[in-house]
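> If you scroll down you'll find the structure; I have some questions about it.
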Amino acid sequence: MTNRTIVHLEINGRMQALDIEPRVTLLDALREHLGLTGTKKGCDHGQCGACTVHVDGERVLACLTLAAQAEGQAVTTIEGLAGSNGELHPVQAAFLEYDAFQCGYCTPGQIMSAVACIREGHAGSDDEIREYMSGNLCRCGAYPHIVAAVRQAAEDLTAHKQAAE
Amino acid sequence: MRDFSYFRAGSLDDARRAAALPSAMLLAGGTTLLDLAKCGVTEPESVVDITHLKGLGDIRVDAQGAFIGALARMSQIAEDAGIMTHFPAVSEALWQAASPQIRNMATSGGNLMQRTRCAYFRDPATFPACNKRAPGSGCSAIGGVNRNHAILGTSQSCIATNPGDLAAALVAFDAMVHLGERSVAVDDFFLLPGDTPDREHAIEPGEIITAITIPASPAARRSTYLKVRDRQSYEFAAASAAVGIELEPDGRTIRDLRVALGGVATKPWRARAVEDALRGKTLEPETVQRASLLAVEGALSSRVDQGVGRDGNHYKIELAPRVVARAILKVGGVA
Ligand SMILES: Cc1cc2nc3c(=O)[nH]c(=O)nc-3n(C[C@H](O)[C@H](O)[C@H](O)COP(=O)(O)OP(=O)(O)OC[C@H]3O[C@@H](n4cnc5c(N)ncnc54)[C@H](O)[C@@H]3O)c2cc1C
Ligand code: SF4
Ligand code: FES
Ligand code: FES
């Protein structure tokens, strides 16, 4: 008899029930069981950041999280970032504007990480952005453009927040 | 990764009972456990998730010191205002460790229990010989590629480095590890490899780290963590130093000094010889540099005899004292 468990996750605002083996990581649950392939598998060992998603609003690595551990929690992936009308999130828009990628494989992880990095208040200077984005490797070496995009998005989001207050 | 059963513990007693079963393992942030399970290094039959236990995630700092619950995340500890003020070395050790994502996941308890990054240890399929993983099988690193291996506290059986940054800071400031019924000084919690490198921590099956406490001290309040590594971020230490200092009212005589090294030893390494040599001395570069050489007293490097330019970890013998001296001068306000 195979060992299975039912896991309930709120993925991008929608409750989902999964019937999976307990060893299934959140990354494999998203990609293999839910068809959400925007979240990438780079190293599968916590070393590259390609699998970055938000769990209850915090950036984590889906490859080192068991889906079962996230029972009942809210997961946001790159697919859930844009507005319902398809309007891009300011960080997505900035990545396009600044050409912050080459092959694009690391990009979903970079963007998810950047959204959190800005929200945490760790995008105050280029050095701080480099330090707090260091968990996302880019094999194409698009780093200068990534830093520029994060800086721009941080400024846009702060201006937006101030305007709203 | 081998299949396992998953159990979400509802209480500490629950968790202790479940974890005492053979082949059961506690799961906190999962950043060591799942990584090594995928490597085939750990093969739990059951995994006991303790992340939903209540009351184990608190961080409190008062005049006596710091209380850090075992489930407090690395990112929370690093950014805690009390820790930043009273134990800057602890905060700095944490924000310079791993990545923001990992720090959001990893817990203080799991952090102390993290395993070595020895590449042979992590690759059982290619390198069957590893005394830490398979007692008695030999050591692939001795005579192998050992640039990242330890120069202090090594044995004939194992030269693997303890990679923890937090642990080095805790050892410098005499922290205690609490295991429910009993407590252990953090320096005694980590074991030297000796003939039993498979045994790394003074913890028994079924025991759970519940908290870490650190006594307050003027040296802890004036402290720093200096980490030198192959790249500037998201990398383990080639050599690091947790240093705290207390000066006499004259502002230049050293009253108290704490020094611990990371990245160079088989366990977080308190450098008491450096502390003793400098207590009562004047804080000035030459004295500090000379005393810092005592940090690597008895160090053994593991050169690779065959092959050109394979100098193993010999560079750490020169690097470590420099890191110590730089950290002392920095925290003392001299450099
Ligand atoms: C890519 C990468 C880079 C890293 N870089 C660094 C770095 O630069 N510096 C650094 O210090 N660390 C680094 N780490 C290691 C990281 O800090 C540890 O993996 C993490 O702290 C482990 O905590 P966890 O909560 O995820 O533990 P888990 O993986 O959940 O558990 C680890 C072990 O501890 C046991 N355990 C967990 N909690 C308890 C408890 N309360 N009581 C008893 N046993 C327990 C588990 O059974 C398991 O055996 C890195 C890790 C990765 C993957
Ligand atoms: S150094 Fe230790 S962990 Fe590495 S191969 Fe040798 S015995 Fe194993
Ligand atoms: S795939 Fe998760 S960090 Fe690389
Ligand atoms: S764009 Fe190719 S890996 Fe980053």
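> At 4 °C and 1.567 mPa s, what whole-number value in µm²/s does Stokes-Einstein give for the translational diffusion of the protein assembly as shown, with Rh from the Kirkwood sum over Cα pairs? Before the final figure, lay out the partial values.
Numbers: Rh = 23.8 Å.
Approximately 54 µm²/s, per Stokes-Einstein.
> Further question: Once fully extended, how much extra length lies between B:SER11 and B:ARG229, figured as 0.36 nm per residue of separation less the alpha-carbon to alpha-carbon distance?
Working: separation 218, 0.36 × 218 = 78.48 nm, distance 4.01 nm.
Roughly 74.5 nm would be gained on extension.
> Now a separate question. Against the longest principal axis of chain A, how steep is helix A:143-164, in degrees 0 to 90 to the nearest 10, with axes from Cα atoms?
80
> With +1 assigned to the C-beta of every Lys and Arg and -1 to the C-beta of every Asp and Glu, and no other charges, what is the dipole magnitude of the protein assembly as shown about the Cα centre in debye, to the nearest 20? Could you put the intermediate results ahead of the total?
Numbers: 49 positive and 58 negative charges, 203 e Å.
Computed charge dipole of the protein assembly as shown: roughly 980 debye.
> Interface B/A, total buried accessible area with a 1.4 Å probe, nearest 100 Å²? Please report the intermediate quantities before stating the final value.
Details: alone 14980 and 8910 Å², together 21170 Å².
What B and A bury together is about 2700 Å².
> Let me ask something additional. Within the range B:36-136, list the GluC sites (Glu not before Pro) lying in a DSSP loop whose Cβ has at most 15 other Cβ atoms in a 10 Å radius. Display every interim value, and only then the final one.
Values: sites: B:GLU45, B:GLU79, B:GLU92; in loops: B:GLU45, B:GLU79.
Here the GluC sites (Glu not before Pro) that fit, given the DSSP loop and packing criteria, are B:GLU45.
> Along the charge dipole of the protein assembly as shown, pointing to its positive end and built from +1/-1 on Cβ of Lys, Arg, Asp and Glu, which listed residue (B:SER183, B:VAL264, A:ILE118) has its Cα farthest out?
Most positive-ward Cα: B:VAL264.
> With respect to the cross-link table entries A:LYS40/B:LYS38; B:LYS281/B:LYS316; A:LYS41/B:LYS38, which display a Cα-Cα separation exceeding 21 Å? Write out the running numbers ahead of the final one.
On the way: A:LYS40/B:LYS38 17 Å; B:LYS281/B:LYS316 26 Å; A:LYS41/B:LYS38 14 Å.
With Cα atoms farther than 21 Å apart: B:LYS281/B:LYS316.
> In nm, give the distance between the simple-model label positions of A:HIS45 and B:ALA20, each being 7 Å from the Cα along the Cα-to-Cβ direction.
Taking the two extended label points, one gets 3.6 nm.
> Report the residues of the range A:58-80 in range of a label on A:CYS140: point 7 Å along Cα→C-beta, backbone N strictly under 19 Å from it.
A:78-79
> Now, a different point. Averaged across A:53-66, how many Cβ atoms of other chains sit within 10 Å of each residue's Cβ atom?
Values: counts 1, 1, 2, 0, 0, 6, 8, 10, 10, 1, 5, 13, 6, 8.
Mean partner shielding for this stretch: 5.
> Placing unit charges on C-beta atoms (Lys and Arg positive, Asp and Glu negative, everything else neutral), compute the dipole magnitude of the range A:1-138 about its Cα centre in debye, rounded to 20. Before the final figure, lay out the partial values.
Numbers: 9 positive and 18 negative charges, 76 e Å.
For this selection, approximately 360 debye.
> Once fully extended, how much extra length lies between A:LYS161 and A:GLU97, figured as 0.36 nm per residue of separation less the alpha-carbon to alpha-carbon distance?
Additional length available on full extension: 21.0 nm.
> Another question, then. Would you be so kind as to list the residues of the range B:203-243 that have their accessible area lowered by at least 40 Å² in the full protein complex compared with their chain by itself (1.4 Å probe)?
Hits at the 40 Å² cut-off: B:SER233, B:TYR234.
> In addition: Using the Karplus equation 6.51 cos²θ - 1.76 cosθ + 1.60 (θ = phi - 60°), what ³J(HN,Hα) coupling, rounded to whole Hz, does each residue of the range A:115-131 give in order, writing x for Gly and Pro?
Taking θ as phi minus 60°, the curve returns 4, 5, 4, 5, 4, 6, x, 10, 10, x, 8, 4, 4, 5, 4, 4, 5 Hz for the range A:115-131.
The values are calculated or read from the model by the stated rules, or taken from the named source; none is laboratory data. All values reported here derive from a predicted model rather than from experimental measurement. In this analysis, Cβ positions are derived from the backbone assuming ideal geometry, glycine residues included, and neighbour counts consider all displayed protein chains. Accessible surface areas use protein heavy atoms only, side chains included; no ligands, DNA or RNA. Shrake-Rupley method; radii C 1.70, N 1.55, O 1.52, S 1.80 Å.
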